[in-house]
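Participant: Structure in structure tokens, see below.
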Amino acid sequence: MRRLPLLLTTLALCGGLAALGALDRTGPGVPHPAADAAAGPPDNRSTAESSLTRAIAADQQRLRQLPTDAALWARLGAEYVEQARLTADPAYYPKADEALHRSLALAPQANADALTGLGALANARHLFDLARDFGEQAVTASPAHWPAYAVLADARTQLGDDTGATEAVQQLLDRRPGTASFTRAAYDLEQHGRTDDARAALRQALDGAYDPADKAFCHYQLAELDRNSGRADDALAGYRQALRADPDHTPALAGQARAEAALGRNDEALRDYAAAVARVPLPQYLLELGELQESLGRPEQAQEQYRLLAAEQRLAAANGVVDDLTLGQFQADHGDPAEAVRLLRAEWDRRQNVLVADALAWALHRTGAEAEALDLARRAQAHGWHNALFLYHLGTIEHALGRTDDARAHLTEALSTDPAFNPLQAPLARTALAGLR
């Protein structure tokens, strides 16, 4: 097989995706044809979710007849992980755990499907060290099993192991060049400040995408690059392309709201955020909606979103998800900064990547621990990611330490990168910068 030179064409890692099915629908969690009798009454769920629900019902029925079929248990477990991703319902995680361990008990040797499924489940629960271990076991069991390398890449990314993640995605590219590998490439390239190369990688992914959901995902990621670069008009067009490819693609709907808010189209943004939250109540969407409402002088409505976010976090924790990063970020800006530091130190002990470095730096700043905050904020910038929020955090910390020239430079860069990076903090960045001139 021709080796695709990762360092010349694309680098790869993918963060923030819980399961392999989020990137490529030909892995172990793939919905397959199911008997019509398994389908429930029509509702407003996405086509993918309804198809997956039918697949789960069909496999459950088959397992009643073939309870010792290890491969079928592994497939069911992976389907539960994918269902949790589509619905944002972590109650599927214990079901996935039981099914995948049942598969492993029935076939303990060289069971790459079950090991990969357990790795995807661990990634979904943010147990990234465990996900890495399962991914490595799956690779050992079957070196040609390409989905294991996607699990490994995601886990190593989140653990801050850049070299290991790049190696995993090179292996993924060698075995299956396509959406799963090129979209992971784009994320790493963006993190390293190579936005144009990231865009090229996503174009390659889009060129090879045939499934509507995969096409929508690629359009969405391209729109995210535009949005994070301050090109809100282009981003809005891209999110709409994603929704034309797959009208049920909730991330694109939330992205559309994000772009509308950046363009000052607040009524449309509120409408689309509300629709996205109604479909999939992810903490990210709840936080973005709450911050937009707060910026518009609607504190009671914002607090309702924050209460829902806290409830979602409790539900996730009850189903084995460890997410001190999201909760810490929320506490730093909307709760108790000291609690944010406690949560984020625990997260830093588990994984030292740029997202956690930035979040902990900001929480430390909010408690007045500026010197330690500066060191971590600089670590968050080590890869050269053009991230307006990171730059704002760094500039604000430098301002607090009296490093006026550095603060001016980084606040200017933040607003140049994306003048509407956050409805609450972008105005603060402009005010701080005006005071430094």
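Participant: Under a 1.4 Å probe, what is the accessible area of the chain per residue, stated in Å²?
Facilitator: I get 42 Å² per residue for this part.
Participant: Hey, can you rank 245-252, 405-412 by average C-beta count inside 10 Å, highest first?
Facilitator: 245-252, 405-412
Participant: In whole Hz, with x marking every Gly and Pro, tabulate ³J(HN,Hα) for the stretch 142-151 from phi via Karplus 6.51 cos²θ - 1.76 cosθ + 1.60, θ = phi - 60°.
Facilitator: Each residue of the stretch 142-151 in turn: 8, x, 8, 7, 4, x, 5, 6, 5, 4 Hz.
Participant: Next question. Expressed as an acute angle from 0 to 90° and rounded to the nearest 10, what is the orientation of the C-alpha long axis of helix 70-87 relative to the principal long axis of the chain?
Facilitator: 30 degrees
Participant: Add -39500 (n - 2.57) for each DSSP H run of 4 or more in the chain, then divide by its residues: what number comes out at 222 nm, to the nearest 500 deg cm²/dmol? Numbers along the way, then the final one.
Facilitator: Numbers: 23 runs with 314 residues, N = 437.
Here the helix-only value at 222 nm equals -23000 deg cm²/dmol.
Participant: Multiply the residue separation of ARG298 and ASP196 by 0.36 nm, subtract the distance between their alpha-carbon atoms, and state the gained length in nm to one decimal. Display every interim value, and only then the final one.
Facilitator: Values: separation 102, 0.36 × 102 = 36.72 nm, distance 3.82 nm.
Length gained, ARG298 through ASP196: 32.9 nm.
Participant: Additional query: Take GLN61 and ASP207, extend 7 Å from each Cα along the Cα→Cβ direction, and tell me the distance between the two endpoints in nm.
Facilitator: My value for the distance between the label points is 4.3 nm.
Participant: So which chymotrypsin sites (Phe, Trp or Tyr not before Pro) in the stretch 126-226 are both in a DSSP loop and have at most 15 other Cβ atoms within 10 Å of their Cβ? The partial results should precede the final answer.
Facilitator: Values: sites: PHE128, PHE134, TYR149, PHE182, TYR187, TYR210, PHE217, TYR220; in loops: TYR210.
Listed in order of number, the matching sites are TYR210.
Participant: Compute the FRET efficiency between THR367 and ALA105 as 1/(1 + (r/R0)^6), taking r as their Cβ-Cβ distance and R0 = 56 Å, and round to the nearest 0.05. Intermediate results must be reported in sequence, preceding the final value.
Facilitator: Details: r = 47 Å, r/R0 = 0.85.
Efficiency at R0 = 56 Å is approximately 0.75.
Participant: In addition: With everything on Cα atoms, drop me the angle between helix 162-175 and the longest principal axis of the chain, reported from 0 to 90° to the nearest 10.
Facilitator: Helix 162-175 and the main axis of the chain meet at about 40 degrees.
Participant: I've got another one for you. On a 0 to 90° scale, report how tilted helix 195-207 is relative to the longest principal axis of the chain, with both axes built from alpha carbons and the result rounded to the nearest 10.
Facilitator: Its long axis makes an angle of about 30 degrees.
Participant: Let me ask another. Starting from the 7 Å offset along Cα-to-Cβ, what nm value, one decimal, do you get for the label separation of ASP233 and ARG378?
Facilitator: Calculated label separation equals 4.0 nm.
Participant: A follow-up question, please. Carbon and sulfur atoms: what percent of the 1.4 Å accessible area of the chain do they account for?
Facilitator: Details: 9240 of 18190 Å².
Ligands and nucleic acids excluded, carbon and sulfur reach 51 percent.
Participant: Where in the stretch 294-317 does the label zone of LEU424 land, with the point 7 angstrom along Cα→C-beta and an amide N cut-off under 14 Å?
Facilitator: 294-310
Participant: Let me ask something else. Once label points are set 7 Å from the Cα along Cα→Cβ at both ASP336 and LEU130, what is their separation, rounded to one decimal in nm?
Facilitator: For the pair ASP336/LEU130, the computed spacing is 2.7 nm.
The values are calculated or read from the model by the stated rules, or taken from the named source; none is laboratory data. Values in this document were obtained by computation on a predicted structure and should not be read as measured data. No Cβ is skipped: glycine too gets one built from the backbone with ideal geometry, and neighbour counts run over all protein chains shown. Surface accessibility is based on the protein's heavy atoms, side chains included, excluding ligands, DNA and RNA. Shrake-Rupley method; radii C 1.70, N 1.55, O 1.52, S 1.80 Å.
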